[in-house]
Amino acid sequence: KPNWMARLKAGLSKTSANLSVLFVGAKIDDELYDELEAALLMADAGIDATQFLLDALKRKVKEDKLLDAAAVKAALKTLMIELLAPLQKPFELGRHQPLVMMISGVNGAGKTTTIGKLAKHMQSHGQSVLLAAGDTFRAAAREQLMVWGQRNNVTVISQESGDPAAVSYDAVQSAKAKGIDIVMIDTAGRLPTQLHLMEELKKVKRVLGKGLEGAPHETLLVIDGNTGQNALAQVKAFDDALQLSGLIITKLDGTAKGGVIAAIARVRPVPVYFIGIGERIEDLQPFNATEFVEALLG
Ligand code: GDP
């Protein structure tokens with residue numbers, strides 16, 4: 001198996017240790033289901049997804065007359081893959097010229113790191129990239145993006161204390177003029193409870209649409225896989241405000257809360273384009289439901 005699977009597995013093992021171990025030599029009884037329920041809740045799958053999976057599993061065990069723990073585990077695996085499969089959607093390049101991506105998230109979610117990883121990923125697929133430092137609040141955030149851009153030969157459009165919508169608009173115009181393939185717009189980290197900042201994001205989105213018909217083509221949210229149910233709350237809030245087209249879940253190399261993806265699938269099934277599995281530039285992978293469940297359940 002590729003190295004990144006091992007990393008994902010190592011991260012999720014904190015979850016899967018609880019899940020996998022349950023099935024070893026277990027009897028199929030209420031105790032097993034109770035333990036399974038506790039393990040899923042602990043992995044932050046949330047009440048809804050946990051109940052959904054348990055009910056479906058019990059039904060399957062009955063229908064198929066499953067008798068041993070290995071068969072039950074395999075059934076759970078299948079159910080989880082079915083639950084997560086709708087989230088799997090390949091990120092297609094070259095649909096628009098330029099393809100405009102707006103990227104939001106709370107502070108510390110891994111937004112800037114992810115933008116760097118994505119830019120590298122796109123470049124390795126022959127795409128030219130331009131970045132817009134839409135975080136006009138924090139000089140440090142702008143600098144972080146600038147440094148990254150210089151190191152990788154990527155133009156970064158930045159303005160000191162400018163209006164994020166204006167910076168974003170300029171970036172798209174610049175990309176059009178230069179024939180750039182992809183524009184990635186970084187935005188300032190914010191909490192969904194900061195309503196004026198959420199309004200500002202909506203404005204960035206509106207203004208992008210004025211500069212280029214159909215833009216932004218992707219409205220993405222970066223969430224920290226470590227934050228569990230809080231990540232789900234963020235998905236709901238940002239989706240309500242911005243109508244998200246996709247998610248990127250970071251830090252799945254070190255979390256015990258990987259189950260939150262099941263909650264997302266049940267409650268707000270926004271596609272997960274990529275997952276972050278480390279701090280290095282190459283630690284980004286397309287989300288694959290089967291591989292994810294493999295890593296989770298072994
Ligand atoms: P931002 O505030 O959302 O822009 O977050 P940053 O990009 O600055 O990232 C915050 C921290 O998370 C940094 O220390 C990153 O190295 C780290 N980070 C980002 N993505 C990942 C990931 O997939 N795995 C791990 N282990 N760390 C990550």
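For region 146-298, what size does the Cα cloud have along each of its three principal axes, sorted from largest down, in whole Å?
So the three principal-axis extents are 49, 35, 27 Å.
Give me the one-decimal nm value for the distance between modelled label points at residue 70 and residue 279, 7 Å along each residue's Cα-to-Cβ direction.
4.1 nm
With every protein chain in place, what's the accessible area of residue 24 (1.4 Å probe, Å², nearest 10)?
120 Å²
Output the Cα-based Rg and Dmax of region 83-205 in Å, rounding Rg to one decimal and Dmax to a whole number.
Answer for region 83-205, Rg first and Dmax second: 14.3, 45 Å.
Calculate the radius of gyration of the Cα atoms of region 153-213 to one decimal place, then report Dmax, the largest Cα-Cα distance, as a whole number, both in Å.
12.3, 38
With +1 assigned to the C-beta of every Lys and Arg and -1 to the C-beta of every Asp and Glu, and no other charges, what is the dipole magnitude of the chain about the Cα centre in debye, to the nearest 20?
Working: 34 positive and 34 negative charges, 108 e Å.
Rounded to the nearest 20 debye, it is 520 debye.
Taking θ = phi - 60°, what integer Hz values does the Karplus form 6.51 cos²θ - 1.76 cosθ + 1.60 yield along region 277-290, in sequence order, with x for Gly and Pro?
10, x, 8, 7, 4, 8, 7, 9, 9, x, 6, 9, 4, 5
In deg cm²/dmol and to the nearest 500, what is the mean residue ellipticity at 222 nm of the chain if only DSSP H runs of at least 4 residues count, each as -39500 (n - 2.57), divided by the residue total?
-17000 deg cm²/dmol
For a quick size check, give me the Cα extents of region 1-99 along its three principal axes, largest first, whole Å.
Sorted from largest, the Cα extents of region 1-99 read 57, 29, 25 Å.
Quick check: the distance between the Cα centres of region 183-218 and region 227-257, to the nearest angstrom?
If we compute the Cα centre of each part, the gap is 17 Å.
Would you mind getting the Kirkwood hydrodynamic radius of region 192-257 from its Cα pairs, rounded to one decimal in Å?
By the Kirkwood definition, the hydrodynamic radius is 12.9 Å.
Please give the FRET efficiency for residue 35 paired with residue 236, using the beta carbon to beta carbon distance and R0 = 35 Å, rounded to the nearest 0.05.
Working: r = 29 Å, r/R0 = 0.84.
Result of the calculation: an efficiency of 0.75.
Quote the Stokes-Einstein diffusion coefficient, in whole µm² s⁻¹, for region 115-176, based on the Kirkwood radius over alpha carbon pairs, a temperature of 10 °C and a viscosity of 1.306 mPa s.
The diffusion coefficient I find is 135 µm²/s.
State in Å² the accessible area per residue of the chain; use a 1.4 Å probe, count heavy atoms of protein chains only, and round to the nearest integer. Can you show the working numbers first?
Values: 12840 Å² over 298 residues.
Value returned for the chain: 43 Å² of accessible area per residue.
In what sequence, largest accessible area first, do 170, 240 appear using a 1.4 Å probe?
Ranked from most to least accessible, the order is 240, 170.
With a 1.4 Å probe and every protein chain kept in, tell me what percent of the accessible surface of the chain is carbon plus sulfur. Intermediate results must be reported in sequence, preceding the final value.
Numbers: 6700 of 12840 Å².
The C+S portion of the solvent-accessible surface of the chain is 52 percent.
What do you get for Rg/Rh over region 42-153 if you use C-alpha atoms and the Kirkwood form of Rh?
1.19
Leaving ligands, DNA and RNA out of it, work out the accessible area of residue 137 with a 1.4 Å probe and give it in Å² to the nearest 10.
The accessible area of residue 137 comes to roughly 120 Å².
Keeping all protein chains in position, work out how much accessible area residue 155 exposes to a 1.4 Å probe, and write it in Å² to the nearest 10.
Looks like 60 Å² after rounding.
To the nearest Å, what is the center-to-center distance of region 64-83 and region 127-148, using C-alpha atoms only?
Here the answer is 46 Å between Cα centres.
Please name which of 8, 247, 119 has its Cα lying farthest along the dipole of the chain towards the positive end, using unit charges on Cβ (Lys, Arg +1; Asp, Glu -1) and the Cα centre as origin.
After comparing all options, I get 119.
Using heavy-atom solvent-accessible surface (probe 1.4 Å) with all chains present, what is the largest-first order of 168, 124?
124, 168
If the reach is capped at under 19 angstrom between alpha carbons, list the lysines near residue 58, excluding any in the same chain fewer than eight residues apart.
27, 73, 77
Quick one: 3J(HN,Hα) in Hz for region 32-38, Karplus 6.51/-1.76/1.60 with θ = phi - 60°, rounded, Gly and Pro as x.
Using θ = phi - 60°, the values come out as 4, 5, 4, 5, 4, 4, 4 Hz.
Treating cross-link reach as a plain straight distance, find the aspartates and glutamates whose alpha-carbon is under 17 Å from the alpha-carbon of residue 257, omitting any fewer than eight places away in the same chain.
35, 37, 44, 48, 224, 291, 294
Keeping all protein chains in place and using 1.4 angstrom, which order do 33, 169 fall into by accessible surface area, from largest down?
Values: 33 25, 169 90 Å².
These residues rank, largest area first, as 169, 33.
Translational D (Stokes-Einstein, µm²/s) of the chain at 25 °C and 0.890 mPa s when Rh comes from the Kirkwood sum over C-alpha pairs? Write out the running numbers ahead of the final one.
On the way: Rh = 20.0 Å.
It diffuses with D of about 123 µm²/s by this estimate.
With r defined as the distance between the Cβ atoms of residue 196 and residue 93 and R0 fixed at 45 Å, what FRET efficiency is calculated, to the nearest 0.05? Intermediate results must be reported in sequence, preceding the final value.
Numbers: r = 34 Å, r/R0 = 0.77.
So, using R0 = 45 Å, E works out to roughly 0.85.
The values are calculated or read from the model by the stated rules, or taken from the named source; none is laboratory data. No experiment lies behind these values; they were computed from the predicted model shown. Cβ sites come from the backbone with ideal geometry, for glycine too, and all protein chains shown count toward neighbours. Note: areas computed on protein heavy atoms with side chains; ligands, DNA, RNA excluded. Shrake-Rupley method; radii C 1.70, N 1.55, O 1.52, S 1.80 Å.
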